[in-house]
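Have a look at the structure below before the remarks.
Read-outs: derived from the displayed coordinates by stated rules, not from any lab. Source: prediction; values computed, not measured. Cβ sites come from the backbone with ideal geometry, for glycine too, and all protein chains shown count toward neighbours.
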Ligand SMILES: *Cc1c(COP(=O)(O)O)cnc(C)c1O
């Protein structure tokens with residue numbers, strides 16, 4: 001064990017003992033093809049036996065550097081000891097009663113914590129569900145009920161889930177919507193202030209995109225028909241697009257002026273990921289409702305809806321809930337995550353990760369004109385790849401670089417409406433030597449892919 005190793009986690013090293021995927025993973029992949037439909041994909045079909053700190057270990061004994069965190073879920077590290085301990089103890093007491101049948105304290109404690117840590121110091125209420133999509137869908141249900149209005153406004157490049165309503169809210173056809181229609185009614189899409197691709201440049205993107213959205217909402221829908229605006233404070237699957245400054249505050253202000261509820265989808269951005277507890281804090285935006293999931297419980301399935309008490313308290317008893325929502329194992333895990341974020345200084349760790357990654361990626365972009373944009377905050381960082389000298393997306397190079405990273409033992413994810421974004425979501429507890437080594441691997445992958 002080196003000084004950088006983490007108690008309870010596998011050795012914090014990149015170690016390749018077979019090709020990637022190795023023979024045992026390939027054997028399991030053959031079994032899977034006979035059992036699981038291809039509609040459920042996997043970024044990298046190495047079959048995992050163990051993970052923790054900054055690594056994922058596979059059945060062939062390879063140890064990969066983790067720049068994915070299971071899509072921004074294991075912010076506190078996989079199998080985080082505090083999470084494991086609390087879940088283990090809870091599993092020995094009881095595993096389920098259904099909060100709607102006989103409640104338990106940990107559910108209430110998680111809701112109290114969400115009410116305390118989400119943006120804004122107004123009175124709030126929270127309840128718990130199982131997935132990000134379920135949280136977003138419930139937030140919309142509540143907004144429609146509370147306002148008595150039908151319309152929901154979303155944005156270009158948005159991703160909100162795979163259920164009927166949330167895939168309707170989602171912008172991208174392939175793979176999320178293709179041939180899955182007809183879609184839910186009363187969903188309207190507005191432009192997003194995408195700094196890199198805004199026609200008049202990044203400086204004007206915020207005010208111009210907000211003005212266009214306000215104009216379209218007013219003219220095409222009528223503000224008085226809109227229940228809610230649903231927006232990711234940083235678009236995740238859409239390519240880690242940080243809306244240009246001023247965009248979110250202006251949209252939030254327009255909502256306030258018109259009795260429209262502002263729903264922040266913080267499913268991917270929440271729980272210290274961006275160097276703030278929630279990404280809305282960056283511009284001081286206080287949402288009426290917040291959907292949370294991914295990072296909330298260290299990998300156990302849990303999601304939350306938090307909102308203004310006066311809005312949430314309008315829903316009649318029985319109007320909200322679900323059999324598994326706020327499962328006691330998941331609630332214990334969430335309480336451990338919240339302790340870990342505070343005690344482990346994970347907000348600061350996320351900022352540090354950004355401070356290490358961004359300068360190295362900017363230097364890489366100097367050498368590789370295919371890197372059109374480097375962006376992100378905290379430990380939610382991306383590069384957008386284009387054909388040199390243009391802004392034409394280059395999804396082919398993107399998947400080539402990702403494949404080379406995977407083969408060299410670095411787990412990276414892609415994203416983006418045009419499939420041309422490499423995104424980096426390391427666990428916030430990743431040791432610095434692995435962060436640096438992961439960036440070395442990425443640099444080599446760029447060098448080889450563009451040679
Ligand atoms: C992942 C994600 C969702 C959907 O969450 P699931 O748990 O997969 O249903 C919704 N919104 C955003 C922003 C996400 O990143």
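General remarks:
- Placing pseudo-labels 7 Å out from each Cα toward the beta carbon at residue 112 and residue 450 gives an inter-label distance of 5.3 nm.
- Mean ellipticity per residue at 222 nm, deg cm²/dmol - from DSSP H runs of n ≥ 4 across the chain, formula -39500 (n - 2.57): -11500 deg cm²/dmol
- Entry note: region 243-360 has Rg to Rh equal to 1.02, where both radii use alpha-carbon atoms and Rh is the Kirkwood radius.
- Label point at residue 363 placed 7 Å out along Cα→Cβ; residues across region 420-451 whose backbone nitrogen lies under 16 Å: 433-447
- Extension gain for the segment residue 122 to residue 100, taken as residue separation times 0.36 nm less the Cα-Cα distance, is 5.3 nm to one decimal.
- Classified by the C-alpha gyration tensor, region 340-439 has a prolate form. Its axis ratio a/c, with a ≥ b ≥ c, is 1.5 or above, and a/b is larger than b/c.
- Tail weight of P(r) past 30 Å, computed on alpha-carbon pairs of region 82-343, percent: 26
- Highest average packing first - 106-114, 416-424, 352-360, Cβ atoms within 10 Å: 416-424, 106-114, 352-360
- Relative contact order of the chain, taken over Cα pairs closer than 8 Å and 6 or more residues apart, is 22 percent.
- The packing ranking of peptides 428-438, 5-15, highest mean first, is 428-438, 5-15, where packing means the average number of other beta carbon atoms within 10 angstrom of each residue.
- Neighbour counts of C-beta atoms inside 10 Å place 20, 296 in the sequence 20, 296, starting with the fewest.
- Descending semi-axes in Å of the chain, equivalent ellipsoid built from Cα gyration tensor: 33, 29, 20
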